[in-house]
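Read the figures in this text as sums done on the coordinates, not as results from a lab. On a predicted model such as this, the values are computed, not experimentally measured, just so you know. Please note: Cβ atoms are built from the backbone with ideal geometry, for glycine as well, and neighbour counts cover all protein chains shown.
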Amino acid sequence: MQQKNQLLSQAFQVCAIVLAVSTFALLVYTGRFVLMMGLIGIGLATLVSPMLRFLHEKFKIPRVLSVVTFLIVVALVLALGFWGIGNVVIDQLEDLTLKAPELMNKLEERWSALYERYPIIQDQISTLNISATLKAGGSQIVKGAQSGATLVSGLAFAFVIAMYASISAQSYLKRFVGLFPASKRERVTSIMGRLALTLRKWFRAQLTDMAIIGGLTMFGLWLVGAKYWAVFGLLTAILGLIPYLGILIMVVVAGLVTFASDPLMVPWVLGVFVITQQIEGNIVLPLVMKDQIDIPEMPLLIFMLLMATWFGLIGVFLSTPVFALFKVLHAELIRPKLESS
């Protein structure tokens, strides 16, 4: 009888644990957008807290005033960037938007002409309807834009969290570490420090890479006389956040738009992308990414698909740093146990 009661008690405990884990997973899934924005806020606070601490300790600026100073500096940098190239990007983007229907028609006509001139193309990709594909892609973009207000409000929420967290970053860290047993707190502090360092290194390297490759692409496309050189350069920098796939998407988009507007310019545009990618792969990345964690391609791509499924486009952009953080946790928490067993 006593053994039966113990078995029932163990079964009840297992059911309770499964129910608790399932409930927690359901709450995380249903509130994943809020959770993601909160994590983005904490990530931003991790990035800016060293600068705010420097202002506070070096110049004796109060923490709140250091946040205001930081925001003013960021606003000035953005204003200078907009003044330098923003007007050109907006003008080209407006022109591209207005001419989009015309470019669609020209693209379809020129694609059909290629079919007639080179029948082998039609045999190889007879099922591909360029116009329909682009229109479907456009409809998806429109649907994404319709939820833009939600995304903007979420990012504003993340920004507010970042500012509050960055003001008292050390205090929040101590409170978090205090949740663990005293014997584990030094270890937790060390792991949190490594996570923060990894995130800062990734951001610094990624920002440098985006600025260099975006600038080189802009300059190269302007040099060869491409029509939408500023838009393509900016998109190259932004899509550089998506490993492997970002540049592929950009080359396809730039190639199709150029093919529709000026077919003779296509080899020049593609040549610029080939040259800039060679510069990035052989010069820029070895320099800016030399201290980064080595991330294997296949697991990252699979993780990127999962992040896209769970969090949409913003999940794709955040997949690399999140994967890098998971790899640090694996190296710190799981690998030692596997090696010692």
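For segment 200-341, what is the number of Lys pairs with C-alpha distance below 25 angstrom, counting only pairs 8 or more positions apart or on separate chains? Walk me through the numbers on the way to the answer.
Working: Lys201/Lys290; Lys201/Lys327; Lys290/Lys327; Lys327/Lys337.
The number of close lysine pairs in segment 200-341 is 4.
Normalise the Debye intensity by I(0) for segment 150-193, one equal point scatterer per Cα, no solvent, then take log10 at q = 0.18, 0.27, 0.29, 0.33 Å⁻¹ and round to two decimals. Here the Debye-derived log intensity ratios amount to -0.62, -0.87, -0.93, -1.05.
Sorted fewest first by neighbouring Cβ atoms within 10 angstrom, Trp83, Trp268, Trp202 come out as Trp83, Trp268, Trp202. Residues Val177, Val257 in ascending order of nearby Cβ atoms (within 10 Å, fewest first): Val177, Val257.
Using the count of nearby Cβ atoms within 10 Å as a rough guide to exposure, how do Tyr244, Tyr228 rank from fewest to most? Show your work: numbers first, answer last.
Numbers: Tyr244 10, Tyr228 22.
Lowest to highest Cβ neighbour count: Tyr244, Tyr228.
Please list the equivalent ellipsoid semi-axes of segment 43-90, computed as the square roots of five times the alpha-carbon gyration tensor eigenvalues, in descending order and whole angstrom.
On the way: eigenvalues 149, 27, 11 Å².
Equivalent-ellipsoid dimensions as semi-axes: 27, 12, 7 Å.
Once the dipole of segment 61-114 is set up with Lys and Arg at +1 and Asp and Glu at -1 on Cβ about the Cα centre, which of Ala100, Leu65, Ile85 lies farthest towards its positive end? Of the listed residues, the answer is Leu65. Take the Cα of Trp268, go 7 Å toward its beta carbon, and the backbone nitrogen atoms of segment 201-225 under 12 Å from that spot belong to 220-225.
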